[in-house]
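Report on the following structure.
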Amino acid sequence: MGQTIIDKLWAEHTVADLGDGATLLYIDRIFLHERTGSVALKGLETAGHTVRHPEQVFCTMDHIVDTTPGRTDDTRMPGGREFITSTRASAIAAGIHLFDLGDDRQGIVHVVSPEQGIALPGVTLVCPDSHTCTLGGLGALAWGIGSTEGEHALATKTLAVRKPRSMRIRFEGQLQPGVYAKDLILHLISRFGASGGSGYAIEFAGSAIRALPIEARFTLCNMAVEFGAWTGIVAPDETTFEYVRGRPFAPGPAIWDQAVAHWRTLATDADAVFDREIEIDCSQLGPHITWGTSPQHGGNIGDAVPDPAAEPDQNRRQSMQRALDYMGLAPGTPLEGLPISAAFIGSCTNSRISDLREAARLLRGHRVAAGVKAICVPGSSQVKKAAEAEGIDRIFREAGFEWRESGCSMCFYAGGESFGLEERVVSSTNRNFENRQGPRTRTHLASPATVVASAIAGSLADVRKLKGN
Amino acid sequence: MEKFTRLTAIAAPLLRINVDTDAIIPSREMKRVSKTGLAEGLFAGWRYQSPGSRAENPDFILNREPWRKAQILLSGINFGCGSSREHAVWALHEWGIRAILAPSFGSIFQGNCVRNGIVPVVIDNAVIEGLARKIEADPHGFRLTVDLENCRVSSSQGESWPFTIPDADREMLLEGLDSIAVTLKRDAAILAYRDRDRVRRPWIYLPARDK
Ligand code: SF4
């Protein structure tokens, strides 16, 4: 019987079989950030362990750092400075690569790691951050871990892991204009639930996926964790190799052909069997938007807020009711046209150069509606630089968006900046949990294109109706 | 790590689905580079009346008697989903929780529990709902026992149910093992792997850095 890409990567990284389904896996790359990496590095120091292979360990400042121009180690989050200074001191002491404030490689961990060629096809990569699955977009086996597991990976270069079940999701057909990878993954989660992928490693396949550029594959895999999956992955192909070639930490010319030849062997065999298969026809999908406090609470932009009374399952019904109370929505209200007070483009889901280019293309010649606070935060210092070289920052600014330094920014509320109590935000991020973007802030998740169309309209909007588009 | 063998305690039903780690410990409550000082922030968004305040919400289960002393939590599917922050587990542990019963867990959270002495008990939703009804009928008398040695949950009313937990997790909890020390016993295998792999995938091995 053939093997899946996950089987192949699992076998390739097996150091020892630990019995009872557990394997000691070799970890090729470790990435840290100041939010959780700080405590992992400190824990390691306290326990008297050292970092094995510090040259394969990377660290960036993204979560707590300020994103307003002219930033320093001071943060809006009370006490945030300690996370930055502690991480810096530990990273320097451990001899790992540090992309500090002011370094032009700084940015959101999951944006930086492929950008620098640290994440590669076929590598195992871990980070104490749940969205590490983003790097599955390159064909890496990448997953989020806790801080204690982070200490284990740093000290031993391995992790003890139980092999998840396998699922293949085929997205078939061509996407309509106005529909993006973000809509695909939000659709999947709303259809099968936020725990629909629980216990699985998921291969995303099918004609729609093969047609996606790498950055869109990152968006897709980024939210595998919101589907409950252990990770998501897309088999590497020519598009992947072209993306990786020439990046700072990627294999150089002398070894490039050997690496690519190896990466070509990783794709799932034709006769491999998955524990579960799902097929989705993408050709009929429209832009997606969430209405509740779980990524599973969503539908098409043309839908109305559903009625919990119609939900037969009691747990789901209660969760829907709580969500509507939190979001200040009544059943039957059309989603399109709901007034918003803020719009946010950023996060490891949708802040790469292709996201900003598409947003700017749609935004050109328009203005953000009066009373809407609109913010764009490039995912990395490199993305920011590239966008500025193309004049994208000007389009955003002239339309009324704030243009920021890179970082996680208002993807999550750390105790500093927020959108405000009961303010309604349309956001290109990945989590609409209660209080995620600020105390009682009401988040609607969508693609950057939908965020732009909504910012212009001043209410949740269908990007396909945007004038001049 | 603290060992876990068997615990009989008050159990608090928090029967919500998809309880995420942002809800268990909001980001704003993770104030220092530390694994401690987190209990006060546990479920802060639900436990207190308004963001940032410490005025208790009297309706929240952990603010009510007898559940202020609960050491076991019952919940719905996908408990601990979302952010990988281990602070969620540290906060639960510091507050006093030692076992959580749910039909399923967020996978990173589940691993974090095992590494910090909290038993994640995967058990049928019907059992959890049945238990919750009995707890509400007799809040002060009802006790739940989690017996990790025999992998059974039992109630003070005499019923019991088996549960499964991977052997490695069970052993780590029973023995209170330090996972780094356990793995380093296999150091020879790790080094042998690296030597083999270096030949097969040389591009993985970046040059050592100058300090
Ligand atoms: S952008 Fe948001 S989701 Fe992504 S790593 Fe940062 S905080 Fe987490």
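Derivation of every value follows stated rules applied to the coordinates shown; laboratory data play no part. If you're wondering where the values come from, they're calculated on a predicted model, not measured in any experiment. Please note: Cβ atoms are built from the backbone with ideal geometry, for glycine as well, and neighbour counts cover all protein chains shown.
Taking B:VAL114, B:VAL33, B:VAL122 in turn, the Gaussian network model of chain B (Cα-Cα springs below 10 Å) assigns the largest fluctuation to B:VAL33. Prolate is the label for segment A:1-58. Its Cα gyration tensor axes, ordered a ≥ b ≥ c, give a/c of at least 1.5 and a/b above b/c. Within the shell of other residues whose beta carbon sits under 15 angstrom from the beta carbon of B:SER84, the net charge comes to -3, with Lys and Arg scored +1 and Asp and Glu -1.
Classified by the C-alpha gyration tensor, the protein assembly as shown has a rounded form. Its axis ratio a/c, with a ≥ b ≥ c, is below 1.5. In plain terms, the chain from A:ALA11 to A:ASP307 could stretch by 101.8 nm, reckoned as 0.36 nm per residue minus the Cα-Cα distance.
Dipole size of chain A about its Cα centre, with +1 on Lys/Arg Cβ and -1 on Asp/Glu Cβ: approximately 740 debye, rounded to the nearest 20. Think of chain A as having a plus end and a minus end, set by charges on the Cβ of Lys, Arg, Asp and Glu; of A:PRO248, A:SER428, A:LEU101, A:SER428 sits farthest toward the positive end of this dipole. Roughly what % of DSSP beta bridges within segment B:6-205 run antiparallel, to the nearest 5? Here the share of antiparallel DSSP bridges comes out near 50 percent.
Computed from the C-beta positions of A:ARG397 and A:ARG71, the FRET efficiency with R₀ = 22 Å rounds to 0.75.
Within chain A, antiparallel bridges make up roughly 25 percent of the DSSP beta bridges whose residues both belong there. Under 20 Å of direct C-alpha separation, and excluding same-chain neighbours fewer than eight residues apart, A:LYS42 reaches these lysines: A:LYS157, B:LYS31, B:LYS35, B:LYS211. Among B:ALA137, B:ALA192, B:ALA12, the largest mean-square fluctuation in a Gaussian network model of chain B (Cα springs under 10 Å) belongs to B:ALA192.
If you take all other residues with their beta carbon under 9 Å from the beta carbon of A:GLU423, and give Lys and Arg +1 and Asp and Glu -1, the sum is +3.
Peptide B:159-165 is shielded by partner chain Cβ atoms: per residue, an average of 0 of them sit within 10 Å of its Cβ.
Here's the picture: charge each Lys and Arg Cβ at +1 and each Asp and Glu Cβ at -1 in segment B:6-205, and of B:GLY96, B:VAL114, B:SER154 the one pushed furthest to the positive end of that dipole is B:VAL114. Of A:LEU356, A:GLY371, A:GLY346, which is farthest on the positive side of the dipole of segment A:310-427, counting Cα position, with +1 on Lys and Arg Cβ, -1 on Asp and Glu Cβ, and the Cα centre as origin? Of the listed residues, the answer is A:LEU356.
Among A:MET410, A:MET77, the order by Cβ neighbours within 10 angstrom, fewest to most, reads A:MET77, A:MET410.
Can you tell me how segment B:6-205 classifies by the Cα gyration tensor, rounded, prolate or oblate, using a/c under 1.5 as the rounded cut? Oblate, because a/c is 1.5 or more while a/b does not exceed b/c. Sorted ascending by nearby beta carbons within 10 Å, beginning with the fewest, A:HIS33, A:HIS366, B:HIS140 become B:HIS140, A:HIS366, A:HIS33. Only Cα pairs under 8 Å and 6+ residues apart enter the sum, and on that basis the relative contact order of chain A stands at 17 percent.
Using C-alpha pairs below 8 Å separated by at least 6 residues, the relative contact order for segment B:6-205 is 21 percent. Neighbour counts of C-beta atoms inside 10 Å place A:GLU279, A:GLU149, A:GLU311 in the sequence A:GLU279, A:GLU311, A:GLU149, starting with the fewest.
Note on chain B: with a GNM built from Cα contacts shorter than 10 Å, the maximum mean-square fluctuation among B:GLY45, B:GLY82, B:GLY130 falls on B:GLY130.
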